[in-house]
Amino acid sequence: MEQNMAGNSDQITRKYFDSLLLETRHIDGKKPDTSFMLYGERFDTPVMTAALSHLGNIRDNGAVEMARGAKMANAVSWTGMGEKKELQDMTETGAKVIKIIKPYADNRMIFDKIAHAAESGALAVGIDIDHAFNSSGDYDVIFEDEMRPKSMEEIREFVDSSEIPFIIKGILSERDAYKCLEAGVKGIVVSHHHGLMEYSLPPLKILPSIVKVIGGEIPVFVDCGIMSGMDAFKALALGATAVSVGRALMEPLKEKGAEGVKDAILKINNELKGAMAKTGCFDLDHMDSSVIWK
C-alpha cells in the first residue's frame, strides 16, 4: 500500500504543480487578454474541458450540458467515449468540440469515428494512445473492445483520412513528440491520463522539453491535475497552447449543469488573468517561463 501511495502519479503531479513558484512583475503592467485562435476559431479562454466520458453518470445529458457550458464560456469542449448521437448533440449546441477516440484493435472502428466526427462538425478529432495496454502489460479491454498500440504508419493513415485536424493524446516523452511531428499530426496532448502508470512524470515537468521538440509547429495541450487558474497559468507559462480541466468541472456540472460548467470555466479563467496581470504576461503570446521558479 505504501508503495502504491508513493507512486501515485496524480499525487506526484499535484506536488509538482505546488512546487512551482512565481515571481511578480508590476512595472509596465497591462490588463491581460486570454483570447486565442485554434484551428481557425477564436476562443475567449485557453481553459478547455477535458476529454471526459460517461458524463451521464454525473448528470442527465452530461456531455451535452458540458458542451453547452463551454459554448457559453466561449471555450473548447473535448469529449471521449460516447454514442454518435451524443457527439452530434454536442456540436448542435454550437460548441466547438474535439473528439478523442480509443485505440481500438480494429482500425475500421477508428476510421469510422474519424469520419463521423467530421460529419458532425467537430473542430478536431484524435486518438488516445495511452490506453493500449493495461497495468499487467496485456492489451487493454474497454467495454469488451480490445485496444492496440498504434504504429507510425497507422497514425499517418489516420491523419491522412481525417478531414479535420488530427490530434494525439497521451504524449509524455520527447520521443513520441518527435514521432507525432513525423506522422503529420496537428496537435498533441501532454498527459499521463490521471496515472494509468505509477511514477509517471508530471506533465509540466516534461512540458518544456516537448515544447522545444515541437518548435511551434503544432498546438501543445496539457491535461491532468489542472484545478485552478494558477495551475493553468503555470502550464501556459511553460509553453502550453491551452489546458484541459476535468475534475474541477464535475461538481459544477452535477449541481448546475451547463451554467455550472460555464461559471467554473470563467472562474478559472479569471484566476488565470490575475496571475497574468501580476507577472507581466499580458496575453498568451507573451507568456514567459522565466517567471517560474522551481
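The values are calculated or read from the model by the stated rules, or taken from the named source; none is laboratory data. Just so it is clear, the structure is predicted and the values come from calculations on it, not from any experiment. Cβ: placed from backbone, ideal geometry, glycine included. Neighbour counts: every protein chain shown. What goes into the accessible areas is simple: the full protein's heavy atoms, side chains included, and nothing from ligands, DNA or RNA. Shrake-Rupley method; radii C 1.70, N 1.55, O 1.52, S 1.80 Å.
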Exercise. How many residues does segment 276-294 contain that are under 18 Å from Val47 (Cα atoms), in a helix (DSSP H, G or I) and open to solvent by less than 40 Å² (accessible area, probe 1.4 Å)?
Worked result: 3
Exercise. List, please: which pairs have Cβ atoms under 6 Å, are six or more places apart or on different chains, and start with a residue in segment 111-122 that is on the phi > 0 side of the Ramachandran plot and end with one that is surrounded by 16 or more Cβ atoms within 10 Å (Cβ to Cβ)?
Worked result: Gly121/Thr91
Exercise. Which residue out of Met37, Met48 is free of Cβ contacts under 8 Å to residues at least 12 places away in the same chain, within 22 Å of Ala232 (Cα to Cα) and among the hydrophobic types (A, V, I, L, M, F, W, C)?
Worked result: Met37
Exercise. Strands (runs of 3 or more DSSP E) wholly in segment 13-69 with at least 1 residues that are open to solvent by 30 Å² or more (accessible area, probe 1.4 Å) and at pLDDT 95 or above - which ones?
Worked result: 36-38, 41-43
Exercise. Met90 is checked against (1) assigned to a helix (DSSP H, G or I); (2) open to solvent by 30 Å² or more (accessible area, probe 1.4 Å) and fails just one. What number does that condition carry?
Worked result: (2)
Problem set entry | Residues of segment 106-134 satisfying the condition of being of a type in the set (A, V, I, L, M), closer than 15 Å to Ile155 by Cβ and either open to solvent by 30 Å² or more (accessible area, probe 1.4 Å) or out of contact with any Pro (no Cβ under 7 Å at 6 or more places or on another chain) (or both) | Ile110, Ile114, Val125, Ile129
Exercise. (1) of a type outside the set (D, E, K, R); (2) at pLDDT below 95; (3) under 23 Å from Lys169 (Cβ atoms): which one isn't true of Thr93, the others all being true?
Worked result: (2)
Seminar exercise, completed: Reported set for segment 219-275 where residues are of a type in the set (Phe, Trp, Tyr) and in a helix (DSSP H, G or I) is Phe233
Exercise. Can you spot a residue in segment 198-211 that is closer than 21 Å to Ala117 by Cβ and open to solvent by less than 70 Å² (accessible area, probe 1.4 Å)?
Worked result: no
